[in-house]
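> Take a look at the following structure, please.
Bear in mind these aren't lab numbers, they're just calculated from the coordinates by the rules spelled out. Computed from a predicted structure; not experimentally measured. Using ideal geometry, Cβ is built from the backbone for each residue, glycine included, and neighbour counts are taken over all protein chains shown.
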Amino acid sequence: MNKFEKFLFTLYFVFLAFATTVALLAIKGIIPQEQINYYYSLTGSYIFDIIAFALIAINIYFVIRLLKTDTSNKAGIVKYTSDGEIVITNEAVKALVLKATSNIKGIKDIKVFVRPGKQNINIMIKMLVFPDINIPNLVKEIQQNVKSYIEMIAEIPVGEVKVLVDDIASGTMLKME
């Protein structure tokens, strides 16, 4: 949802809340019918007609927007070639990142987040590392491996690879193979 749609949605619900409150107060008799008739005669019916048509248009817009399928979150990266369209999903990119990091020693647990950009993808890796590992060297190796592997296998330009060392695994010894 873009900023305009958020503004429209907010305006719609504020007006709807106001109209519902006035209607409820009128039904309960807290606002006398004469007062409602007075405000209606002051403003004229055309203003209420304009508001009603605007609300109907906003309703139609939001219904169409909700029914329209949004593939931007599911699709991931779309590439066009002379033979057709190639879609590489975010899940596929995550699997490639896991493959690129599978042979690196020192990682206990890893989570991958992919954010497609206009020209490239950005990858964030959140991980748990074993103790007594040189973290800057480990992070540098991960960043280089992931970037080169994704660009080689999927031919997707990688913007940046952010690595967040979330925690150090406690009480676990590093397996030496």
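> What ranking of Y80, Y38 emerges when the number of other C-beta atoms within 10 Å of each C-beta is taken as an exposure proxy, fewest first?
Result, fewest neighbours first: Y80, Y38.
> Still on this model: Could you check how many percent of all C-alpha pairs in region 18-67 are farther apart than 18 Å?
Summing the P(r) tail past 18 Å for region 18-67 gives 48 percent.
> Please give the FRET efficiency for I86 paired with K126, using the beta carbon to beta carbon distance and R0 = 25 Å, rounded to the nearest 0.05.
According to the calculation, E is roughly 0.35.
> Taking the Cα of A57, stepping 7 Å toward and past its beta carbon, and measuring to each backbone N in region 20-39: which are under 12 Å?
none
> Please identify the longest segment of the chain free of exposed trypsin sites (Lys or Arg not before Pro), where exposed means a DSSP state other than H, G, I, E or B and no more than 13 other Cβ atoms within 10 Å.
119-174
> Something else: Filter the cross-link list K111/K147; K111/K162; K68/K111; K3/K118; K99/K140 down to pairs whose alpha-carbon distance in this structure exceeds 23 Å.
Pairs exceeding 23 Å: K68/K111.
> On a full-extension model of 0.36 nm per residue, what is the gain between A23 and E141, subtracting their alpha-carbon distance, rounded to one decimal in nm?
Full extension of this stretch gives 36.0 nm more.
> Sequence gap at least 6, Cα distance under 8 Å: using those rules, report the relative contact order of region 89-168 to the nearest whole percent.
35
> Using the alpha carbons of the chain, what is the convex hull volume per residue in cubic angstrom, as a whole number?
It is 204 Å³ per residue.
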